[in-house]
Every structure is written in structure tokens, then in C-alpha cells.
Amino acid sequence: MACACLRSGEAAVATTAPTSNTYAALAAALANLKGAIAQQVRGPELDGVVQLALYRPDAERDSRKVLLDVWARDGSAGAWRTDDRRRNRTPQGSFTMFLRKHLIGQRLQEVRALSDGIALGWQRRETPMTWLIAWRGPRKGASQLAWVDGRGRCRPVWPGRVDAGLVDRVRAAPAAPPMEPTAGLAVEARAQRLAKGQTAQQSAQGEGSALRRMVRATHRRQRRLVQALEGDAARAGQADALREQGEVLKICLHRVPSGADSVVLDVPWKPGQSVTIALKRDLAPAATLARIFRRARAFAKRIDEIEARLSAARATLAGLEQLLEACLQPDADADDLQQRAAALGVGGARQQVPESAESKRKPQGRPAGIARYRSPAGREVLLGRSATANDKLVTRLARGCDVWMHVRGRPGAHLLLRCEAKRPRPPVDELLACAALVAWGSGVKRGDRVDVTWTHARHVRKAKGSAPGLVYIAEEHTLYAEVDSVIIDAFRATRG
């Protein structure tokens, strides 16, 4: 969700970025929560969204507990009270765990409005003020949350995306005066309602939305397919011309010299007409004749299939063009667009394959040198114990959401832990068990402890021309794992 513009009496979705007056009104509404103590941090159910459970000791009994949603999403930022309790998902995101460590137990002291966001000031007793900031990021559409500690150090949700002047702007902004409670609740409710509408609109037809990107990518692929099929159809239409050339060459074969690039022959049944026949120097005239008839038969056999595929591809291309135009309409229905996209195969939908073609495909087995196990949670674990097997893990078997592991600072095995895209990070116990397995596979003795590097497979790259087993990784994490005999024996019992 995103914080939309707050205008008096406005009920439609805002299409422009929030203004400083918008954030000033929202900051004044949130100033009523001064003195509230942070008890819990939940999230991330959505990217860039956290929920704070606050306790107000000075409020009435029925209104002491408050849920506050803080997010920076879809090009805007904001915060407001809500009654919807978000799922406390496990494992949590790293930024949420960071807030749990540093924010819980602190008291809300100030709310400040920036030109592009909201800053919530927290303090515990006599410690310096710390800030939780929801703001529009340094890039367009890259809104994010950030934490500024008492020393002025800034930690953003996404490393590297931080404005150097953010801390100075927060300190220079004045504290917002409290708004009358009833009016403040109305401001927050209107902001939340408009944010939901803006997010739905942006997801359906907003600039750079995921649906539009997928439709455009599918449209480009379909257009290339149509062009390729048109070329095949043009070549297949030469079947009659090739057959005629073959008949002429068959009659006049004794007149064709060897080693020529082409020959011009008169058509016996068409007086006054001649035909130019391309030859291959390394083929004898008889072999050239057989090649011409073979190509003519292949083109004649495929012409019906090519025309059917070309007709279907053109119909799909027309549907994609209509869908792309519909995504640009301001009143587009998101559900209808999703259904039409699914019907056209947008978003990775698998095309229907004839049974005859499906039956000809050979099943691809697991490459040699890779062992398969089961983790304590039942996930598939793949372990490569050679350089060639490690290459195959990265280049052939790895998916972006899978967890990749390797013992730090020494050559050895690589490991893949299969994960789902919705929950790509497994529990810590499962990570430690897999770390013990990859250490054992790398030759570490049982009972020893080593550092194991892990990251998601989308951050692992194989450089072109590099040695087998050599990869480059980004956003790495480290586990200190012990090669436990019980864990290793449990893995070996599940080997398949």
C-alpha cells in the first residue's frame, strides 16, 4: 500500500505524488500517539511494510493497545492506525528483526513531516532519539523504510539505497503539533483508503507495473515467433518451385558441369522460359538433384502445420496488443486484466503441448555426481561433491529462491536447499543442518566447526570461461556450523 494525497472531500484515487502538506497533516494526526510504547514488530507480509503494536499507558482502558501500519511502497510513504492484525510470519525479514532488537520498549516522543515522508522519533529514558522513517527512496518509485540511530547512522531496508542528507533533513524538520483526535482518525482513515485504491490501480496499469512488464515481454516474444513462422511459411511456399527445378535438372542432368555454383537451364515444357538452379560445389549433380527433391517434399509436408501455427500465433499476438492497450486505461479492472493475461499465457503460463510432442520428450534425470537428500523439514537437498557437479548445480538445477551453501575459505562441496518462492528463507535450524551436511561433504571431520557461506541462488553467478566450480556470490551470509554425527546420519538415511 502507498500513502496517497489527502485532499479535503476527495474520494478518488490520487495519481500524483504526495506533497509536503499531505505529510504535515498525517504527522499531526499521528502526534496523538505520543507516549506510546512499542511492544511488538510484525512483518514483512508486504515489501516495505511493518506493523507496530503500541501500548498507551495514559489512554483509556479500551484504547490503550494500538496497531500502527508503517510503510513505504509504490512510490509513496505513510503510517496510520489499523484494526487488521498482520500475520507475524516466521522467519522474519532482516529489517523487521533489526527493529525488534532496537525498537521494542522505546517510547514515541515526536512525529516529524518531511517533504517526502514521515519520521517517528523514539526514545528510551535518557538515551539519544532514534527515528523510524517511511520515505520516498532516492530513486523514483523506490520507497523504503529506514532506521536512524542515536549516532546518526542510517540503516535502510535495501542496502545502498540511502539519501546522504536524510539524517540532516530529519533533524531540521519541526515536530508536528497534535491534531484533535477525531480529526486525526479521519485523516488516517482517508489516507489508508486512498492508499489501497492507489496500490490497486498501480498494480493494474501503473507505470512500470509487473503486469505491464510481463505483457510487454510476452508481446515481444510472440512478435518474434510470428516473424519466424512467416519466414518458415515463405520458405515452405517454395515447394512447387523446387519441384519444378528438380524436374528440369533431372531431364538436363547430363548438361550440368561439376563444381559450378549455379546453372541456367531451359524448361522443356515451357518454350522460351529458363530457370536458374543453385548448386553446391562439394556435391555431385546427382546429389544436388536428390537434395532438391528432398527439400521439396519436406516443405510440402510442413506447409499445413506452419500455416496453422502462424494463424494461432497471429491471433495470440492480436490478443496481447489489445491487452497491452487495456492496461493503459485508467479505469481498467485488475481482476479482468489478470484473467485475460492468464488466458494468453502471460506470466509464465505453460502453453498446451500436443500429446504426441509431449511423449517424445525424454525425462531429464539428475546429473552425475549430485546426491539428493531430505532436510529435517522434508525439503529436497542437492549436494555436489566435485567441480563439475557444482557447476551443474548452479547452471542447470538452481532456482532463484533456492538456498546455496559452501564452506567459507576452502574448496569443497556446494549445496542447494529447495525453497518455495512464497517462503524463500527456511528456519535457522534447517539452515544449520544443511550447513553441517555441506561441511561434511567438503571433508570436514565430524565434531569440527567451520564457517559456511549461504545466500539465495539468484545471487550466485558463474563467470564465462571460469574454472569448474568457481562462482561469484553477492549478499552472502555466514553460519557457524558443527558437523554433528546425528545430523549427518539422519541425512544419509534419506539419500535418494
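What follows draws every value from the coordinates through simple rules; no lab data is involved. Because the structure is a prediction, the values reported are computed rather than measured. Cβ atoms come from the backbone with ideal geometry, glycine included; neighbour counts cover every protein chain shown.
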Virtual spin-label span in nm between MET97 and ALA164, 7 Å along Cα→Cβ: 3.2 nm
Segments 80-88, 47-55 sorted - mean Cβ within 10 Å per residue, highest first: 47-55, 80-88
Candidate aspartates and glutamates - alpha carbon under 14 Å from LYS34, same-chain residues fewer than 8 apart omitted: ASP58, GLU110, GLU180
Cross-link table LYS250/LYS280; LYS422/LYS464; LYS422/LYS462, entries beyond 20 Å C-alpha to C-alpha: LYS422/LYS464; LYS422/LYS462
Three-way shape label, the range 210-347, alpha-carbon gyration tensor, a/c 1.5: prolate
Where labels lie 7 Å past Cα in the beta-carbon direction, separation of ARG449 and THR127 in nm: 2.8 nm
Spatially proximal aspartates and glutamates relative to LYS392 (Cα-Cα < 20 Å; intrachain offsets below 8 disregarded): GLU380, ASP402
Cβ-defined net charge surrounding ALA435, 12 Å radius [Lys, Arg +1; Asp, Glu -1]: -3
Partners for LYS301 among aspartates and glutamates (Cα-Cα distance below 19 Å; same-chain residues under 8 apart left out): GLU230, ASP232, ASP240, GLU244, GLU247
Length added when fully stretched, GLU475-VAL275, from 0.36 nm per residue minus Cα-Cα: 65.4 nm
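When the Kirkwood radius is taken over all Cα pairs of the range 432-485, what Stokes-Einstein diffusion coefficient follows at 25 °C and 0.890 mPa s, in µm²/s? The partial results should precede the final answer.
On the way: Rh = 12.2 Å.
Here the translational diffusion coefficient equals 200 µm²/s.
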Relative contact order of the range 370-493, pairs being alpha-carbon contacts under 8 Å that are 6 or more residues apart, as %: 28 percent
Simple spin-label estimate for TYR55 and ALA241 in nanometres, 7 Å along Cα-Cβ: 8.6 nm
Extended-chain gain in nm, criterion 0.36 nm per residue less alpha-carbon gap, ARG410 and VAL226: 61.2 nm
